[in-house]
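Asks: Submitted below is the structure of interest, expressed as structure tokens.
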Amino acid sequence: MQKTAGLHHITAMVNDAQRNIDFYAGVLGLRLIKKTINFDRPEVYHLYFGNETGDPGTVITFFPWEKQLKGRIGTGQVGVTSYIIPKGSLPFWESRLKKFNIETQVFIRFGEKYLKFHDPDGLQLELVERDEGPINLWEFGGVQAETAIKGFGGAILYSAQPHKTTEVLENVLRLECIGQEGDFLRFKAEGHLGNTVDIQLNPTVRGLMGAGTVHHIAWRAKDEEDLLRWRLLLHDKGYYPTEIRDRNYFKAVYFHEEGGILFEIATDPPGFSVDEPVDELGVKLMLPSWLESKREELEETLPPVELRVLEGDK
Ligand code: ZN
């Protein structure tokens, strides 16, 4: 039976590339694991942040584009992205975010304490302490391995039709519904990271795509053969999956679930060391072979960015 292990990656839209790097690498301490371009629009960066090896279930990716209008978080989107931090590290993160003037709020959901905040573009993020998932060995700025974000805990889906989204999670992706608390239904997958997905049952306003919103959420497939089976299954279940697309670091199909959220299914292999060594991930601008001839032109068009330790950490 087809079953996903959980989240593969989440992709969002923002306005400013440097601000994006300063926040996700500088403040949150994630590793910039890939600096490439939007394969469909090469004049726009595609930045990837994850754990030290960019494992599935740790990777958030961004299309930073200055001219993009601001979106609105709402139904038909991933509303909140959740990250796992090691047990006992919540006080560290509370004071770290405060140091960088980021407001936080504490929420309890399903008996867990969540520290919620916004990134500079308004994306909703939260941190939760859990034992699961391997320690992230990437250390940068003021974040050491014992407090580093391990990867995704999961996400909160703002579905326009929560019961339809429940159906796709349970009957297609094969997550298990493990309970309801207030407005939230909770689903669990088997992976060690990115395995907990909540659906908010009481939807807010309709989401508008744009800067500061999540573009899509991707689920894990084992390999390309598995992805082919996923595609057939989606077809059989009445969805309209795209053709398989080659994203260099994984292969993927996309489909809209009936709650309006763009879902992707992406293969674990080959991963982010396919075009540069693990030691050098994210340093150079990486281009797919078909754009290599345009490198000079692209490097001139794209705004210069750098990975840097922030003032507050010096
Ligand atoms: Zn994707």
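Asks: Quickly work out the Asp246-to-Asp268 label distance, labels modelled 7 Å from Cα along the C-beta direction, and quote it in nm with one decimal.
Replies: 2.3
Asks: Could you check which residue among Ala145, Ala252, Ala189 shows the biggest mean-square fluctuation in a GNM of the chain with a 10 Å Cα cutoff?
Replies: Ala145
Asks: Between Phe110 and Glu167, what FRET efficiency follows from the Cβ-Cβ distance if R0 is 35 Å, with the result rounded to 0.05? Could the numbers behind the result be given before it?
Replies: Working: r = 21 Å, r/R0 = 0.61.
Rounded to the nearest 0.05, the efficiency is 0.95.
Asks: List every residue whose amide H lies under 5 Å from the amide H of Ala211, counting only residues 5 or more places away in sequence or on a different chain, with H placed 1.01 Å from N in the peptide plane.
Replies: Leu69, Lys70, Gly71
Asks: Measure up Lys251/Lys314; Lys113/Lys251; Lys150/Lys251; Lys188/Lys314; Lys34/Lys222 against 29 Å on the Cα-Cα distance and list the ones that go over. Let's see the in-between values first.
Replies: Working: Lys251/Lys314 40 Å; Lys113/Lys251 35 Å; Lys150/Lys251 24 Å; Lys188/Lys314 40 Å; Lys34/Lys222 21 Å.
Pairs exceeding 29 Å: Lys251/Lys314; Lys113/Lys251; Lys188/Lys314.
Asks: Please order Val27, Val78, Val309 by the number of other Cβ within 10 Å, starting at the fewest.
Replies: Values: Val27 22, Val78 28, Val309 13.
Ascending Cβ contact count within 10 Å gives the list Val309, Val27, Val78.
Asks: In what order do Glu66, Glu94 fall by count of nearby beta-carbon atoms within 10 Å, going from fewest to most?
Replies: Glu66, Glu94
Asks: According to a simple spin-label model (label point 7 Å from Cα along Cα-to-Cβ), what is the distance in nm between Ser293 and Leu310?
Replies: 4.3
Asks: Something else now. Which one, Ser159, Val278, Ile135, is farthest towards the positive end of the dipole of the chain when Lys and Arg carry +1 and Asp and Glu -1 on their Cβ?
Replies: Ser159
Asks: So for the range 7-306, averaging the separation of alpha carbon pairs under 8 Å that are six or more residues apart and normalising by length, what relative contact order in percent results? Don't skip to the answer; put the middle values down first.
Replies: On the way: 716 pairs, mean separation 72.3, N = 300.
Relative contact order, the range 7-306: 24 percent.
Asks: What FRET efficiency would be calculated for the residue pair Glu146, Glu94, taking the C-beta separation as r and a Förster radius of 22 Å, to the nearest 0.05? Each step should come with its number before you reach the end.
Replies: Working: r = 16 Å, r/R0 = 0.72.
Once the sixth-power term is evaluated, E becomes 0.90.
Asks: What ranking do Ile102, Ile199 get, fewest neighbouring Cβ atoms within 10 angstrom at the top?
Replies: Ordered from fewest to most neighbouring Cβ atoms within 10 Å, Ile102, Ile199 come out as Ile102, Ile199.
Asks: Something else about it: Mind jotting down the three principal axis lengths of the range 7-306 based on Cα atoms? Whole angstrom, largest first.
Replies: 53, 48, 36
Asks: Between Ile108, Ile37, Ile73, find the one with the highest GNM mean-square fluctuation for the chain; connect C-alpha pairs within less than 10 Å.
Replies: Maximum among the listed residues: Ile108.
Read the figures in this text as sums done on the coordinates, not as results from a lab. Model, not experiment: these values are computed from the prediction. Virtual Cβ from ideal backbone geometry, glycine too; neighbours counted across all protein chains shown.
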